[in-house]
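Working notes for the structure below.
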Amino acid sequence: MAIISNVPSHYETLGIDPGATEEQIKGAYRALVRTCHPDVNPEASAHLLFLQVQEAYEVLTDPQRRQAYDGILKMNVQSTPQDNPMKADGRREKELREAEQLRLKAEAMMREFRESQQVSRVDEERLRGLMNAGQYHEAEEAALTVLQSNAKSAVAYAVLGDVAIIRGDRTKAAKFYAFAAQYEPTDTTYQKQYEELLSARPEPKPSEIRYDSEKPNTALLIGAFCVVVMAFYIALNPERPIATGILPGLTLGAWTMLPLAGTLSGLALCAGGAIGRCDLAQGTTVARISPLVLFSLLSLVSFWIALLYYLVTGFRQQTFNRSLSILVGTTVALVVLFGLAGLSKGPSLGLAIVLFGSNLLSVFQIFGWILTSRVKYG
């Protein structure tokens, strides 16, 4: 092995002392590689520095090669002044200048890398803030912008996965979580979310669902028939309203039929394939409850408030979920059906079903959806 006099030593290349420990060598190597690796910095000078850093690391982490290198380096330092002191001094001065220039360039590259990391962290915190504020469309746009400058941002991919989950697109969500897990392997949340999406049984895409008029959907037909029978029961049952000031007009039959109709319709829609899997999870970057859970809680208070929330949020944030949209539309249809059935017995029962019975229909319809989804998809 020969030491070339016009290049810095391996110690100078890594920016460490000759007595550095193996951990110090590895630390210096990792720091330099993050700034000069060809995948990170395409400049020719960075590529040259990377080759020098790689060679220095391989020599200094091998005890035998390092010992031989130190011996030759020591002999080179001792013999050079005896050969030609003036020439050696000039050569040494040139080496020092080149080493200093290389060191300054490496420091500048490392500083640029740290600054980019700080900017990336700021962007990622902004993404989390947008998701927690329920600004899903803005978070999606911001995530795409972040990926244009940093294609390896795990948080940006996770945000896109969370938005896909909210929209009910599990296939796209799994793809984004896979990227997030790849670029941030230390965060097990992304890998866990990805594995959960893969482990569940797949559901058909909307384009793959076929309705054959010659082979009607049994689950939907049975559900529709039972719901109509329940509506006729409310209209024909000669019972009086329950005497209460909170829910005026509602009869015992309505109190019984509305939850049953909601549960049965949610069950039939999911079993018949009209709606897909029910996802209650909020994703990996959101600290707040999921939109579906919030919709369900609002339905306990008022279905119409929940409907307004869903429509406003869906239009503003572009987060309409196909399955939930079908479920909401079905709830409205059931409210109209049972409202007309109650109206046939008097305006008070019809109004009570529209104002308060709609809550029961919506909540129990979601309950039937969740129950069937768990059985059907796991």
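The values are calculated or read from the model by the stated rules, or taken from the named source; none is laboratory data. Being a predicted model, the structure only gives us computed values, none of them experimental. Reconstructed Cβ throughout: ideal geometry from the backbone, glycine too, with neighbour counts over all protein chains shown.
Based on what the data block shows, is Leu130 loosely packed, with under 15 Cβ neighbours inside 10 Å, in a helix (DSSP H, G or I) and free of Cβ contacts under 8 Å to residues at least 40 places away in the same chain?
Criteria not met by Leu130.
Look through Phe338, Phe356, Phe315 and report the one residue that is outside the structural domain of Asp162 (by TED's automatic domain parsing), in contact (Cβ under 8 Å) with a residue 24 or more places away in the chain and surrounded by fewer than 23 Cβ atoms within 10 Å (Cβ to Cβ).
Phe356
Give the residue that is farthest from the chain's Cα centre (by Cα), with candidates limited to residues of region 313-353 that are assigned to a helix (DSSP H, G or I) and hydroxyl-bearing (Ser, Thr, Tyr).
For region 313-353, the residue satisfying everything is Ser348.
Here's a check for you: in region 232-270, which residue that is under 40 Å from the mean Cα position of the chain (by Cα) and over 15 Å from Phe338 (Cα atoms) is modelled with the lowest pLDDT?
Within region 232-270, the match that is modelled with the lowest pLDDT is Cys270.
Scan region 302-312 and give yes if some residue there is outside any helix (DSSP H, G or I), assigned by TED's automatic domain parsing to the domain that holds Gly223 and either over 19 Å from Thr263 (Cβ atoms) or of a type outside the set (Phe, Trp, Tyr) (or both), otherwise no.
yes
Just checking, how many residues over region 182-201 are in contact with a Lys or Arg (Cβ under 9 Å, 6 or more places away or on another chain) and among the hydrophobic types (A, V, I, L, M, F, W, C)?
2
Could you check region 1-42 and list, in sequence order, the residues that are at pLDDT below 80 and surrounded by fewer than 14 Cβ atoms within 10 Å (Cβ to Cβ)?
The answer is Met1, Ala2, Ile4, Ser5, Asn6, Pro38, Asp39, Pro42.
Scan region 148-173 residue by residue and report those that are within 30 Å of Asn41 (Cα to Cα) and either touching a strand residue (DSSP E or B) at 6+ places or on another chain (Cβ under 7 Å) or modelled with pLDDT of 80 or more (or both).
Within region 148-173, Gln148, Ser153, Ala154, Val155, Ala156, Tyr157, Ala158, Val159, Leu160, Gly161 meet the criteria.
Being within 26 Å of the chain's Cα centre (by Cα) and free of Cβ contacts under 8 Å to residues at least 60 places away in the same chain is the filter here, so list the residues in region 296-306 that pass it.
Answer for region 296-306, where residues must be within 26 Å of the chain's Cα centre (by Cα) and free of Cβ contacts under 8 Å to residues at least 60 places away in the same chain: Leu297, Leu298, Ala306.
If you go through region 57-66 one residue at a time, do you hit one that is of a type in the set (A, V, I, L, M, F, W, C), assigned to a helix (DSSP H, G or I) and at pLDDT 70 or above?
Yes; the residues of region 57-66 include at least one that is of a type in the set (A, V, I, L, M, F, W, C), assigned to a helix (DSSP H, G or I) and at pLDDT 70 or above.
Results for (1) at pLDDT 80 or above; (2) polar (S, T, N, Q); (3) in the same structural domain as Gly27 (by TED's automatic domain parsing); (4) loosely packed, with under 12 Cβ neighbours inside 10 Å, shown as yes or no for each residue.
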residue	(1), (2), (3), (4)
Asn84	no, yes, yes, yes
Ala88	no, no, yes, no
Glu95	no, no, yes, no
Glu100	no, no, yes, no
Arg103	no, no, yes, no
Asp123	no, no, no, no
Glu138	yes, no, no, no
Val146	yes, no, no, no
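Checking Gly276 against (1) closer than 30 Å to Ala158 by Cβ; (2) assigned to a helix (DSSP H, G or I); (3) of a type outside the set (Asp, Glu), which test does it fail?
Failing condition for Gly276: (2).
Return yes when Ala268 is more than 27 Å from Leu197 (Cα to Cα), assigned to a helix (DSSP H, G or I) and not assigned by TED's automatic domain parsing to the domain that holds Glu140 and no when it is not.
no
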